[in-house]
Amino acid sequence: MTTEQKLLSAMKEEFGSKMRNFISKSLPSNILEFNNLINHSKYSLAQVELLGGRLIEDLAKIEVIDGDELDNIKKLKVHKTNNFKAHRAEFPLEELAVECTHRIEPLLQQAIEDASDIIMWIEFLTPNIEEGNNFGVDIQDSCTAMTRIMLSETVQLLTSYTKFFERRAALVAENKKYPEIEDYVRAINDLDQQQIFQVRYAILMTRNRYARLYEIFSKNMQCITQPRDDNFEQYIV
């Protein structure tokens, strides 16, 4: 065995130890963290619906109010003219949408790393294809397929969050340029609501994926790590 092969073997052993610890400790902790988030009032459907209705019409001057007492909450106001009734939107979901997005982004980034690690670990554990009982290999394939779905969905969600800020910035700019068009205010409000729903969906999806993976691993750990074991009948998916 060459030096490189020895180093690779040691890396695989160390990585396997890390992943076993992840399955037994980190994975349950992740499930509970996402479960706590989805049950938090901030992410509840009732809270989103409550905030979604707060569109305010007013006649005032353009002014950005800031300061410690307002906790950086921005209020957009527009000039009064003789030709139209201007609209002012406080955009109550802005801070919540941004806060929720920033809260979930690092968790989804970690989920991507976790999924990638699980896939690589199972690849390390997969034996050579042989004739005979491949039940353990089938479970490995099932775990890999499920993890790849989780990986793909999570990447798509992160991409959509980037587009959210781009779309919102464009709408806010148009609203400032054409304050008499109420549709821009409603469009911003709708976009914020959709973003909160997206965050809630991401929390639900990731929690459920983690939970499903944990169930499979906890019930089939020996079969996954030793797919050629003779006692296949005791394992279930």
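Only the coordinates and a few stated rules stand behind these numbers; no lab work does. Because the structure is predicted, anything quoted here is derived from the model rather than measured. Quick reminder, even Gly has a Cβ in these numbers, built from the backbone with ideal geometry, and neighbours come from all protein chains shown.
A few notes on this one:
- Report note on the peptides 212-223, 159-170: ranked by the mean count of other C-beta atoms within 10 Å, highest first, their order is 212-223, 159-170.
- For the pair ASN128 and GLN226, label points projected 7 Å from Cα toward Cβ lie 2.1 nm apart.
- In this structure the amide hydrogen of GLU180, modeled in the peptide plane, comes within under 5 Å of no amide hydrogen from residues 5 or more places off or on another chain.
- With the highest mean first, a sort of the peptides 148-154, 183-189, 122-128 on other beta-carbon atoms found within 10 angstrom per residue produces 183-189, 148-154, 122-128.
- Gain on full stretching of the segment that runs from TYR214 to VAL155 - 0.36 nm per residue minus C-alpha separation: 19.2 nm
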